[in-house]
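Encoded as structure tokens, the structure appears first; notes follow it.
The values are calculated or read from the model by the stated rules, or taken from the named source; none is laboratory data. No experiment lies behind these values; they were computed from the predicted model shown. Using ideal geometry, Cβ is built from the backbone for each residue, glycine included, and neighbour counts are taken over all protein chains shown.
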Amino acid sequence: MSTKLVVSFDGLELTNLVQIVSSRNIDEVVLVNTANNFNSFTATQRSAITTVRSSLPQSTSLTLALANENSIDIDSELYDFLRSTNLSFYNDPGLQSFSNSFVLESESVVNNEIVGENLSTFDTQNIFNNSLYQEDGPLILGNNFGIKPTLKLTNPGFVDDLNGSVKVNISAASFANILSKNTPEPDSDQSLNISEFNNLIVESDNGGPTTQPNRGKNFF
């Protein structure tokens with residue numbers, strides 16, 4: 001089973017993160033934040049994520065997760081960033097894949113560096129015991145951690161379920177506009193790229209959810 005390291009954004013920026021990942025044979029770094037904080041990422045912070053990701057060992061992946069929310073009214077700049085960098089959200093509501101993993105808590109950080117031997121084991125029995133290091137106070141995981149989140153889109157230029165890792169919620173009018181633009185381009189260039197049909201939720205223009213489209217990537 002793969003070994004994961006669960007961190008906040010502040011943890012991701014610690015100076016020796018990549019060294020710890022290599023020395024502890026970490027297979028995956030899971031970057032956790034709240035919906036509001038993800039949306040508030042500046043261009044500098046997004047660039048920092050890209051830099052750390054490219055510095056990780058080739059065998060180590062970087063994924064995202066919400067601390068304790070199951071949806072996010074996603075900012076268009078963040079959504080475009082996630083798609084363009086091919087970032088996904090980690091899905092494992094049962095937490096089985098975290099049984100051999102670590103969480104970066106405050107006790108593991110000294111002088112802006114991670115003390116490898118102080119890394120805490122991820123608690124799969126009580127999710128609230130996982131408290132991530134942040135400069136302004138711990139980020140505590142909750143029951144929605146690992147659940148496939150729903151991204152609520154407002155007038156997007158494209159619809160993408162980020163490699164099947166999220167659900168997307170879009171209005172009927174916006175969906176019709178996306179369909180009118182969709183062409184048989186490579187997946188990365190399509191205005192509509194959904195790998196699992198039930199990841200797309202189309203809201204009627206008067207309020208309620210109306211349809212989940214037919215199976216397949218081409219919704220015509």
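What to note about this one:
- Answer from Gly142, Gly146 - the residue that is surrounded by 18 or more Cβ atoms within 10 Å (Cβ to Cβ), in contact (Cβ under 8 Å) with a residue 40 or more places away in the chain and in a loop (DSSP other than H, G, I, E, B): Gly146
- The set of residues in segment 64-80 that are without any contact (Cβ under 8 Å) to a residue 40 or more places away in the chain and under 24 Å from Lys4 (Cβ atoms) contains only Leu64.
- Only one of the listed residues (Glu13, Glu28) is more than 19 Å from Phe81 (Cα to Cα) and surrounded by 16 or more Cβ atoms within 10 Å (Cβ to Cβ). That residue is Glu28.
- Failed criterion for Val52 (all others in (1) surrounded by 14 or more Cβ atoms within 10 Å (Cβ to Cβ); (2) free of Cβ contacts under 8 Å to residues at least 24 places away in the same chain hold): (2)
- The set of residues in segment 170-220 being hydrophobic (A, V, I, L, M, F, W, C) and either part of a strand (DSSP E or B) or modelled with pLDDT under 55 (or both) consists of Ile170, Leu192, Leu200, Ile201, Val202, Phe219, Phe220.
- Residue in segment 105-125 that is free of Cβ contacts under 8 Å to residues at least 40 places away in the same chain and on the phi > 0 side of the Ramachandran plot present: yes
- Any chance Thr60 is buried (at least 17 other Cβ atoms within 10 Å of the Cβ) and farther than 25 Å from Val159 by Cβ: yes
- Test: residue in segment 102-125 that is assigned to a loop (DSSP other than H, G, I, E, B), within 20 Å of the chain's Cα centre (by Cα) and at pLDDT below 95: no
- With respect to the conditions (1) assigned to a helix (DSSP H, G or I); (2) within 24 Å of Asp123 (Cβ to Cβ), Leu78 falls short on a single one, namely (2).
- Within segment 1-45, the set of residues being β-branched (Val, Ile, Thr) and farther than 17 Å from Asn144 by Cβ comprises Thr3, Val7, Thr15, Val18, Ile20, Val21, Ile26, Val29, Thr42, Thr44.
- Condition met for Gly137 (free of Cβ contacts under 8 Å to residues at least 40 places away in the same chain and part of a loop (DSSP other than H, G, I, E, B)): yes
- Residue check: Ser165 meets all listed conditions (1) more than 21 Å from Leu12 (Cβ to Cβ); (2) part of a loop (DSSP other than H, G, I, E, B); (3) touching a residue at least 12 places away in the same chain (Cβ under 8 Å) but one, namely (1).
- Residue that is surrounded by the most Cβ atoms within 10 Å (Cβ to Cβ) [pool: residues in segment 73-94 that are touching a strand residue (DSSP E or B) at 6+ places or on another chain (Cβ under 6 Å) and over 17 Å from Ser8 (Cα atoms)]: Ile74
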